[in-house]
Each structure stands twice: as structure tokens, then as C-alpha cells.
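See below for the structure under consideration.
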Amino acid sequence: MAVATSDPSLATRTRGVLVRRAGAFALDAAVALFVALVFAIPDVAKERFFGFGLLLGGLYLLLRDGLPLGFLRGRSIGKRMLWLLPIRLGGTVMDLQTSARRNVTIAMVFLFPGLANLAFGYRQIVLAGNIGVNDALLGFFALLVVVEAVLVLVDPVARRIGDRVADTRVIEG
């Protein structure tokens, strides 16, 4: 059953979880960063190992809401700890494919530099002045995360781009 996005009571309930939603994102980002830093081994092909860690952290961010782990029950570690639940508006269970569609905009902040480090050792291809292609794309993906955060604040039911693409939303649970 689809949920009407214009229902004012739905918006009120959603606004009550904004602080916990930000906290859950911070916890999930910390998990991804921890995974990335575990692989930042000094003096041993550092860039490639760090790239692998960034890639793993990005995969966590990408798939976090659909990981088939019983204790998470269809949510990320951060959402589990703060009693939030991402749901599909059609009523079906959150899965890896839906999680990937929902989180691709956020995961690219880790996935792109991870792939660049693995492939090239994060060498810069200079565009204009001192701005490299890698830095420009990373800046674009970081800006996209900021846009996502702003949408959560201004959307009547706190849905970001990823929620719209995957037809999901976050509720208390």
C-alpha cells in the first residue's frame, strides 16, 4: 500500500526523527571511515590498500540498509542503534538492490576515490589551475551529500533523492 506524501501527520512524525536520522548517518559514516582507515597501511602500497578500504567502506554505505544480517533487521548499524527503519513505500522488505538505489548518491563519496586509488594510486589529472579531475569529482559527490541533507530538511516528509529513486522513506522503528 502506497503512503500519501501529502499527509500532514506523516510529516510531523517524520520531522521528529531528524536529529536521530542525522546521528544514524554520522554513525554509518564513522563505520565506513573506520573500515577505510584499517587499510591505510603506511609504507606498503599505501594508496592501493587505502583505496581497497575506501571501496569496502563505500560498499557498506551503498548496501547498509539491505544487508542480510538478522540483528540489523533491514537497516544500517546507525539506524538500528537509533531506532530508525528505512521502509519501501510498496510495503515489501528492504533488500540489497533497493539499498543500492537508495544510497548510491552518498556512497560515491567513498566509492569513487576508492576506485581511483585502486586503479591509479590516486594520481591527479589536472584540469585547470590546481584542480584535478579526482578532486573535482570528489567535490561534486560531496556536494551531492549536502544536497541530500538539505532535502531531508525541506521536504514535507523528509525524503531525499535516494528515497525518491528507491521509493523509500525513514520512520521510527
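The values are calculated or read from the model by the stated rules, or taken from the named source; none is laboratory data. For clarity, every value in this text was computed on a predicted model and none was experimentally measured. Here the Cβ positions follow ideal geometry from the backbone for every residue, glycine too, while neighbour counts run over all protein chains shown. Heavy atoms of the whole protein, side chains included, go into the accessibility calculation; ligands, DNA and RNA do not. Shrake-Rupley method; radii C 1.70, N 1.55, O 1.52, S 1.80 Å.
Applying 1/(1 + (r/R0)^6) with r as the Cβ-Cβ distance of Gln97 and Arg164 and R0 = 22 angstrom yields a FRET efficiency of 0.85. Under 13 Å from a point 7 Å along the Cα-to-Cβ line of Leu89: which residues of the stretch 140-160 have their amide N that close? It comes to 156-160, nothing else.
On average, how much accessible surface per residue is there in the stretch 37-109, in Å², for a 1.4 Å probe, leaving out ligands, DNA and RNA?
Result: 50 Å² per residue.
Around the amide H of Thr168, modelled in the peptide plane, lie the amide H atoms of Leu89, all under 5 Å away and 5 or more residues distant in sequence or on another chain.
Restricting things to alpha carbons, find the Rg to Rh ratio for the stretch 42-114 using the Kirkwood radius for Rh. Don't skip to the end; give the middle numbers.
Values: Rg = 14.2 Å, Rh = 13.1 Å.
Computed over Cα atoms, the ratio is 1.08.
Label separation (Glu172 vs Leu115): 4.0 nm, computed from points 7 Å beyond Cα along the C-beta direction.
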